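The values are calculated or read from the model by the stated rules, or taken from the named source; none is laboratory data. Values in this document were obtained by computation on a predicted structure and should not be read as measured data. Counting neighbours? That spans all protein chains shown, and the Cβs are built from the backbone with ideal geometry, glycine included. For accessibility, only protein heavy atoms count, side chains too; no ligands or nucleic acids. Shrake-Rupley method; radii C 1.70, N 1.55, O 1.52, S 1.80 Å.
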Amino acid sequence: MKTAACLSAFWCAAAFAQQPRVENARMETRAVSGGLESTFRGILAAQSAPAWIGYSAPIVPGDHQMCCWNNNVKCGCSLEPRDHDQNFTMSNNNETVKLEGPRELVVLFRVENHQTGKIRTFTPDCNLDAGGLPFIWLTGVTPSDSIRLLLAMAKDTSAGTHDEMRKADGATAAIAMHADAGADSALEELVAQSQPEQVRRQAIFWLGNARGRRGFEIVSRVVREDPSDKIREHAIFALTQNKEPKALEVVASVAHNDKSPRVRGQALFWLAQRAGQKVAEKAINDAIANDPETEVKKKAVFALTQMPSGEGVPLLIQVVRSNKNPEVRKQAMFWLGQSKDDRALSFIEEVLK
């Protein structure tokens, strides 16, 4: 049985739409006073023992479920490590079938010794076990205040420790899920060349993955203008996660124009993975025929193997038949040999005869 000091706190989502459902927590609700940052600092100053602080904010539209496990009836997450013989069960009362994605994001901070440790994000449908710790739920948090607090934490990486960078990653991901235009500006700040590479990479990923048209515009600029080959290469992947129709056109342009052979090769790889056959085939064939670097031509040949449903097999055969570069022909023949496609095997038999 739970002790009186570790009361079971369970909130019905129907009654408190913004709050998660939590058990095994010493619950306290506080209204933000004087702004979120001031309230948060006040809690930190007073909190030496471990505790969780949380609030909610509107989430970007979409079918999001941010949790640890899902048994098709309910999902849940233990915020603190648990012994293997300890069960985590939640009441099933008031469970409802969701006909649309969640409207709220739950942002949680684990604090201890007057410092912020982990930052975690959930959707309200995730049942949480607080492990018996105090759980301070803040009300009256505005999206802009939330983004401002998280942005400061994302930039706080001067020590460069693993824990600090993990906290920055969590803050960046939380910013990206806010349904507020201020999140775009905050992520754009984190993309700046003055920021550490890991922070920039995280911001670029989330801009491409979660920020729609504005994210596409920012990441496209990074792909065109950033001096770092590694950052441009990462931005290519981020563009492939974006749903803007022109995102893959930008990737195709990179495959043709980028100054770095490695970046051009990566662009070809992701085109084969993500683009339709017409776009991918045109860019890859152009690289095989015209790229000045043999290594890029060879990467283009490999990209043909990544096209879905064996679409690249006829193109590989054509490369072997007609390309003038022996290294490229050799590479194409190698990948045909790795294929289990009947067309590839028939062609190899024809060559052997």
**OP:** Please indicate, with yes or no, whether at least one residue in region 219-241 is charged (D, E, K, R), farther than 19 Å from R200 by Cα and open to solvent by 40 Å² or more (accessible area, probe 1.4 Å).
**Re:** no
**OP:** For residues that are open to solvent by 20 Å² or more (accessible area, probe 1.4 Å) and among the small types (G, A, S), tally how many sit in region 176-217.
**Re:** 8
Original post:
Looking at this structure, is Q47 at pLDDT below 85 and open to solvent by less than 90 Å² (accessible area, probe 1.4 Å)?
Top reply: no
**OP:** Report yes if V219 is among the β-branched types (V, I, T), part of a helix (DSSP H, G or I), farther than 30 Å from L108 by Cα and more than 13 Å from the chain's Cα centre (by Cα), otherwise no.
**Re:** no
**OP:** Identify all residues within region 110-138 that are crowded, with 21+ Cβ neighbours inside 10 Å and not in a strand (DSSP E or B); write none if there are none.
**Re:** T123, P124, D125, A130
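Going residue by residue through region 292-312, is there one that turns out to be over 32 Å from the mean Cα position of the chain (by Cα) and open to solvent by less than 60 Å² (accessible area, probe 1.4 Å)?
Yes, because at least one residue in region 292-312 is over 32 Å from the mean Cα position of the chain (by Cα) and open to solvent by less than 60 Å² (accessible area, probe 1.4 Å).
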Original post:
Can you name the condition, by its number, that R262 falls short on among (1) closer than 29 Å to Q202 by Cβ; (2) open to solvent by 60 Å² or more (accessible area, probe 1.4 Å); (3) free of Cβ contacts under 8 Å to residues at least 24 places away in the same chain; (4) part of a helix (DSSP H, G or I)?
Top reply: (3)
**OP:** Would you check if there is a residue in region 28-39 being open to solvent by 70 Å² or more (accessible area, probe 1.4 Å), modelled with pLDDT under 95 and in a helix (DSSP H, G or I)?
**Re:** no
Original post:
Filtering region 319-340 down to residues that are under 17 Å from T294 (Cβ atoms) and under 36 Å from the mean Cα position of the chain (by Cα), which residue is most open to solvent (accessible area, probe 1.4 Å)?
Top reply: F334
Original post:
Applying the selection to region 170-216, what residues are charged (D, E, K, R) and assigned to a loop (DSSP other than H, G, I, E, B)?
Top reply: D180, R211
